[in-house]
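Everything on this sheet refers to the single structure shown next.
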Amino acid sequence: MPTLTTDDGVRLFYEDTGSGTPIVFVHEFAGDSRSWEPQVRCFSRRYRCIAFNARGFPPSGVPDDPDAYSQDRARDDVLAVLDGLDVERAHVAGLSMGGFATLHFGLAYPERARSLVVAGVGYGAEPEQRARFRSEADITTGFLRTRGMAAFAETCSAGPTRVQFRNKDPRGWREFAGMLAEHSAAGSAHTQQGVQKERPSIFDLADRMKALTVPTLIVTGDEDWPCLVPSVFMKRTIPSAGLLVVPNTGHTVNLEEPAAFNAALADFFAQVDAGRWPMRDPRAVSESITGVK
């Protein structure tokens, strides 16, 4: 079983498939490296695909120390994967929790990113939702610690932004829910408290995002309600960002609509690698609809 070790001694499991320009896939809270299987199968034909399990998600290590879990640690674990596999620069693609880690990686280490795919990001980011979001993280943590992973998987997988996946692809959804039930309740609880609850709001990152020039593709489903407004905000704020909204789609966009997701990423990576992904033309930002003053 391939693993590497972070600078604070946590073992991370990874899979390394294919050859060529590297893509690193960073999974969501309800997923793991297996969640990227439709993407690895597609892109490993032309790219080197690296998918890893975050700390707290076996077979990666599950530290007992709550202080071992934070947004900064999640960000730096992406860097640890690149360094551990001797990858100088990579396309980095993340969903939800992994999308936050991807964005923070691009902000902290832009020289190591060929591009960023920031998908399903924004839950709890809006200022009026912050208190509710932090309270829900506490409730989720308590649920995990008292009722366990199987009960959590049954509830979470049928949530308001997951039912779209269940309705479209019951077989794929059952596989997703089954894998979620295999996670560590302790690792997931620590992740809720240290990473999810304590991460900064997207809206608090505005000044840093305005300076981000790494090519960025923001992706959201149009029924991933908590991520719609933050996705538009990131598009408006990051000068190198494009925005893809996938219709009639919830949170698990890469599994729910793999063909559309893969096609969008393939086009994005091709444009970036050809040096053709644009920065926003300043003339596109105006208070006048017609440009007439």
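What follows is calculated from the coordinates using simple rules that are stated; it is not laboratory data. All values derive from a computational prediction rather than experimental measurement. Note that we place each Cβ from the backbone using ideal geometry, even for glycine, and neighbour counts take in every protein chain shown.
General remarks:
- DSSP beta bridges confined to region 3-283 are antiparallel in about 20 percent of cases.
- Residues 104, 183, ranked from the fewest to the most other C-beta atoms within 10 Å, line up as 104, 183.
- Rounded to the nearest 10 degrees, the angle from helix 225-237 to the longest Cα principal axis of the chain is 40 degrees.
- Stretching the chain fully between residue 182 and residue 248 yields a gain of 20.9 nm (0.36 nm per residue, less the alpha carbon separation).
- Considering only Cα atoms, the convex hull volume of the chain works out to 129 Å³ per residue.
- Principal-axis tilt of helix 97-108 within the chain, Cα atoms, nearest 10 degrees: 50
- Neighbour-limited loop hits for trypsin sites (Lys or Arg not before Pro), region 1-99 (at most 16 other Cβ within 10 Å; DSSP other than H, G, I, E, B): 45, 46, 89
- Cut-off of 10 Å, at most 10 other beta carbons, DSSP loop: longest stretch of the chain lacking such GluC sites (Glu not before Pro): 89-286
- Alpha-carbon Debye profile of region 148-293, log10 I(q)/I(0) at 0.11, 0.13 Å⁻¹: -0.57, -0.77
- Build a GNM of the chain with springs between Cα atoms under 10 Å apart, and of 172, 120, 187 the one that fluctuates most is 172.
- Taken along the Cα-to-beta-carbon direction at a fixed 7 Å, the label points for residue 70 and residue 154 span 3.7 nm.
- Proximal aspartates and glutamates to residue 210, defined as alpha-carbon separation beneath 15 angstrom and excluding residues fewer than eight positions away on the same chain: 281
- Separation between Cα centres of region 21-49 and region 78-138, rounded to whole Å: 15
- Relative to the longest principal axis of the Cα atoms of the chain, helix 170-181 runs at roughly 60 degrees.
- Phi angles across region 272-281 convert, under the Karplus curve 6.51 cos²θ - 1.76 cosθ + 1.60 with θ = phi - 60°, into 3J(HN,Hα) values of 5, 5, 8, x, 10, 6, x, 7, 5, 6 Hz, Gly and Pro given as x.
- Per-residue ellipticity at 222 nm computed for the chain from its helices equals -13000 deg cm²/dmol, with DSSP H segments shorter than 4 residues left out and the rest contributing -39,500 (n - 2.57).
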